[in-house]
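The values are calculated or read from the model by the stated rules, or taken from the named source; none is laboratory data. From a predicted model like this one, the values you see are computed outputs, not experimental measurements. Every residue, glycine as well, gets a Cβ built from its backbone with ideal geometry; the counts of neighbours run over all protein chains shown.
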Amino acid sequence: NRRHEPDCLKIANPIGMMNLQNVQEIRDRARKNLENGAVTPNYEGDVQTTVQLLNEVLATEIVCTLRYKFSYIMADGLQSPGVKEEFLEHAREEEEHADQVAERIQELGGSPDYNPATLLQRSHAEYIEGKTLVEMIKGNLVSERIAIESYRDLIRYFADRDPTTRRLLESILAKEEEHASELSSLIHHYSIHAVKEHEKGEAVG
């Protein structure tokens, strides 16, 4: 009589256990087209399209970095020490995102496009400076919201086509959502402050 195998020994594998033949086929394919680097035959995306889309993300992150740095410099003296540092932190994080995207483009065999002549054409976000502190905060928030919606669409697009790129964009999206929440809170804070200052001025008058 065959002894009953415990359930813990039954391995559920929807694609079946890899046999030695499958492993050998993978080994053989891995030795071909070495110049393709991380792009193996089972990559389900279109490399050219992926690189193009990521260069748009790269341009967006660079534009956001530049706008935050402008805001950081120009916020000086606008009763905004806390906001000034917030702008700088966001600028550094956007620059880090740009570096991560550029590295992913290189991994896929593409070239990151840093050409300043076409930067704004490729960026999803606009470059709007703003003259007052509130205008700067609102302009940055608008750009964050544009990036959030764009990146959500890209995450849905990549899905299982390119899980690595999808996860990268998911991590960037999480940070952009954090930025948007912080900027929204700042707008609320300074709107209340502006109302109080206005009321104080009327009382004096």
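So the values come out like this:
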| quantity | calculated |
| --- | --- |
| Hey, S171 modelled with pLDDT of 95 or more, surrounded by fewer than 19 Cβ atoms within 10 Å (Cβ to Cβ) and among the small types (G, A, S) or not | yes |
| Any hit, region 66-89, residues being at pLDDT below 85 and either in contact with a strand residue (DSSP E or B) (Cβ under 9 Å, 6 or more places away or on another chain) or assigned to a helix (DSSP H, G or I) (or both) | yes |
| Residue list for region 127-173, restricted to those being touching a Ser or Thr at 6+ places or on another chain (Cβ under 9 Å), over 21 Å from T49 (Cα atoms) and assigned to a loop (DSSP other than H, G, I, E, B) | Y127, I128, E129, G130 |
| Single condition E176 does not satisfy, out of (1) more than 30 Å from D46 (Cα to Cα); (2) buried (at least 18 other Cβ atoms within 10 Å of the Cβ); (3) charged (D, E, K, R) | (1) |
| Criterion violated by S185 - all others in (1) of a type in the set (G, A, S); (2) at pLDDT 95 or above; (3) loosely packed, with under 15 Cβ neighbours inside 10 Å; (4) under 19 Å from C64 (Cβ atoms) satisfied | (2) |
| Filtered residues of region 105-116 (kept if in a helix (DSSP H, G or I) and more than 25 Å from Y72 (Cβ to Cβ)) | I105, Q106, E107 |
| A117 being of a type outside the set (F, W, Y), surrounded by 18 or more Cβ atoms within 10 Å (Cβ to Cβ) and at pLDDT 95 or above | no |
| Among (1) assigned to a helix (DSSP H, G or I); (2) modelled with pLDDT of 95 or more; (3) crowded, with 17+ Cβ neighbours inside 10 Å - the single one H124 does not satisfy | (1) |
| Options A159, A194, A203; residue that is at pLDDT below 95 and on the phi > 0 side of the Ramachandran plot | A159 |
